[in-house]
1. Search the structure for amide H atoms under 5 Å from the amide H of residue 135, placed 1.01 Å from N in the peptide plane, and list their residues when 5 or more places away or on another chain.
2. Under the Karplus relation 6.51 cos²θ - 1.76 cosθ + 1.60, θ = phi - 60°, what is the ordered set of whole-Hz ³J(HN,Hα) values for segment 45-59, x standing for Gly and Pro?
3. When only DSSP loop residues count, what trypsin sites (Lys or Arg not before Pro) in segment 77-184 have their Cβ near at most 15 other Cβ atoms within 10 Å?
4. Taking the chain, how much of its Cα-Cα pair set, in percent, is spaced more than 28 angstrom apart?
5. For segment 1-92, compute the orientation-averaged projected area of the C-alpha convex hull (one quarter of its surface), in nm².
6. May I ask you to evaluate 6.51 cos²θ - 1.76 cosθ + 1.60, the Karplus curve with θ = phi - 60°, for each residue of segment 28-41 and list the ³J(HN,Hα) values in order in whole Hz, giving x for glycine and proline?
7. Nearest 5 is fine: what % of DSSP beta bridges in the chain come out antiparallel, could you say?
8. Do the sum for the chain: with -39,500 (n - 2.57) for every DSSP H run of n ≥ 4, divided by all residues, what is the mean residue ellipticity at 222 nm, to the nearest 500 deg cm²/dmol?
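Just so it is clear, none of the values below were taken in a lab; they were calculated from the coordinates. Note that this is a predicted model, so its numbers are computed, not measured. Note that we place each Cβ from the backbone using ideal geometry, even for glycine, and neighbour counts take in every protein chain shown.
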Amino acid sequence: MNLKDKIENYMPFNEQEEKDKEEFLKFIDTFEDVLTRKNIFGHFSASAFVVNKEKTKMVVVYHNIFGGWIYPGGHADGEEDLLAVAVREVEEETGLKTRVIDRNIFAIQSLPVEGHIKHGKYVSAHTHFDVVYLLEADDALPLVYREDESKGVKWINFEEATNEAMCDFIRPIHKKLIRKLNMQ
């Protein structure tokens with residue numbers, strides 16, 4: 001199943017996801033290149049809501065560009081298999097080997113990215129069309145992080161997922177992910 005079909009088949013969890021699903025599909029229909037950073041208006045990203053076995057904790061990384069804690073993820077960079085991208089990004093950003101709980105999309109949201117400098121070059125403001133997958137990892141294993149992208153990685157209790165240390169725009173998304181997980 002291609003990316004457009006996966007988005008079309010996705011059942012939105014709330015009003016935000018209903019609106020974002022419409023935006024995702026319009027974006028796919030408007031642009032040929034939605035999977036690489038060559039599209040200056042935006043591109044798809046793949047992220048992971050990584051929980052422990054007891055489903056009481058989640059992994060967050062301190063994102064240098066966003067200036068706060070957020071779930072792990074990254075650019076599709078041309079890869080249409082966003083689940084594979086999410087799994088790879090988690091391993092690169094945290095060192096964790098994960099188990100896929102569900103191969104289907106767990107959540108979607110469009111995320112604003114402010115203009116910033118990356119590798120010495122200016123990157124204009126754009127949108128990440130973020131697709132999130134539900135993964136599990138062992139919270140007793142050591143964590144590692146990439147200093148070029150992050151200032152740290154840690155497990156947090158769900159109660160911490162909306163505190164001031166999290167990126168402003170991510171707090172309601174963390175809340176949504178936890179609520180959806182608890183409804184399963």
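1. Placed amide hydrogens put 49, 50, 51, 101 under 5 Å from residue 135.
2. 10, 10, 10, 9, 8, 9, 10, 7, 4, 7, 6, 10, 9, 9, 8
3. Details: sites: 88, 97, 99, 103, 118, 121, 146, 151, 154, 175, 176, 179, 180; in loops: 97, 103, 146.
Counting only loop positions with at most 15 other Cβ atoms within 10 Å, the trypsin sites (Lys or Arg not before Pro) in segment 77-184 are 97, 103, 146.
4. Working: 3095 of 16836 pairs.
Beyond 28 Å sits 18 percent of the P(r) for the chain.
5. Values: hull surface 28.9 nm².
Average projection, Cα convex hull of segment 1-92: 7.2 nm².
6. 4, 6, 8, 10, 6, 10, 10, 10, 10, 6, 5, 7, 6, 7
7. Values: 26 of 37 bridges.
Expressed as a percentage, antiparallel bridges in the chain total about 70.
8. Details: 4 runs with 49 residues, N = 184.
Here the helix-only value at 222 nm equals -8500 deg cm²/dmol.
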